[in-house]
Amino acid sequence: MSILNIKTYPARVLKERAEAVKSIDGRLQQLIANMIETMYDASGVGLAAPQVGVSRRLIVVDTDYREQGSNRLLVIVNPEIVYQEGQQNAIEGCLSLPKFTIAVDRSARVCVRGIDPDGNPVEIESTGLLSRALQHEIDHLNGMLLIDRMTPLQKQNLNSSLLKLQQ
Ligand code: NI
């Protein structure tokens, strides 16, 4: 296993829509193992394949992110939100946007379907932090970053604080 280099904004791969995984082969298993190690090394709650430069629909998530080998680890190939309801708002960060945090609206509850690393279908019902993490990582597969989730007011505030820094 090895720790992969995490791409940061404005790397082009982060803006692309990732392609579906067609087969779970040895190469993909290797990528999954490396992504898991990279996520724990960076103390992240989740990681999407485009963040390590691979434009494929694959995510790893662990809301017990400080503990390697925790039983909350989820690996989902070709994840898809099939149901969502409600609303929640909380501050999020992203390993691809170092030092940037922002409050984001998300659905309160989502149901995600996909395939596990053994090729079996999985369905995950989630709320709270897990729900947020799944929505955040699936955003990555669609080329969407936290900065694309900013409201006009948040953008305005960010621009004025950047201007202050330049003065
Ligand atoms: Ni992220």
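Could you sort the peptides 135-142, 96-103, 148-155 by per-residue average Cβ neighbour count (10 Å cutoff), highest mean leading? Spell out each step's value before the answer.
Numbers: 135-142: 21.2, 96-103: 14.0, 148-155: 12.0.
Put in order of decreasing packing, that is 135-142, 96-103, 148-155.
Given a 1.4 angstrom probe, what's the average accessible area per residue across region 12-166, in square angstrom?
Numbers: 8260 Å² over 155 residues.
Spelled out: the 1.4 Å probe surface of region 12-166, per residue, equals 53 Å².
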Calc'd 3J(HN,Hα), region 92-100, phi into Karplus 6.51 cos²θ - 1.76 cosθ + 1.60 (θ = phi - 60°), Hz, glycine/Pro = x, comes to 10, x, 8, 5, 8, 10, x, 6, 9
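Once you have the Cα-Cα distance between Asn5 and Lys155, take 0.36 nm times their residue separation minus that, and quote the gain in nm to one decimal.
Residue separation times 0.36 nm, minus the Cα-Cα distance, leaves 51.2 nm.
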Karplus ³J(HN,Hα) for region 7-13 (6.51 cos²θ - 1.76 cosθ + 1.60, θ = phi - 60°; Hz, whole; x = Gly/Pro) runs 6, 10, 3, x, 3, 5, 4
Under 5 Å from the placed amide H of Gly46, counting only residues 5+ away or on other chains, we find Asp62
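Excluding same-chain pairs closer than 8 in sequence, count the lysine pairs in region 12-166 whose Cα atoms lie under 22 Å apart.
Working: Lys15/Lys99; Lys15/Lys155; Lys99/Lys155; Lys99/Lys164; Lys155/Lys164.
Lysine pairs meeting both conditions in region 12-166 amount to 5.
Just the number, please: carbon plus sulfur as a percent of the accessible area of the chain, 1.4 Å probe, no ligands or DNA/RNA counted.
Of all accessible area on the chain, carbon and sulfur atoms account for 49 percent.
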Quick calc, Ser55 & Ala33: beta-carbon distance into FRET formula, R0 25 Å, rounding 0.05, result 0.85
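Can you give the relative contact order of the chain as a percent, counting alpha carbon pairs under 8 Å and 6+ residues apart?
Values: 302 pairs, mean separation 38.4, N = 167.
Averaging sequence separation for qualifying contacts and normalising by length gives 23 percent for the chain.
Within region 44-124, report the GluC sites (Glu not before Pro) that DSSP leaves as loop and that have at most 15 other Cβ atoms within 10 Å.
Hits after loop and neighbour filter: Glu67.
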Applied in sequence order to region 136-141, the curve 6.51 cos²θ - 1.76 cosθ + 1.60 (Karplus, θ = phi - 60°) yields integer Hz couplings, x standing for Gly and Pro, of 5, 5, 5, 3, 4, 5
For region 52-114 the mean separation of alpha carbon contacts under 8 Å (6+ apart) over residue count, i.e. relative contact order in percent, is 31
The computed P(r) of the chain puts the percent of Cα pairs beyond 18 Å at 60
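The values are calculated or read from the model by the stated rules, or taken from the named source; none is laboratory data. Bear in mind the structure is a predicted one, so any value in this text is a computation, not a measurement. Cβ coordinates were reconstructed from backbone atoms using ideal geometry, including for glycine residues, and neighbour counts include every protein chain displayed. The accessibility values were calculated without ligands, DNA or RNA, using every heavy atom of the protein model including side chains. Shrake-Rupley method; radii C 1.70, N 1.55, O 1.52, S 1.80 Å.
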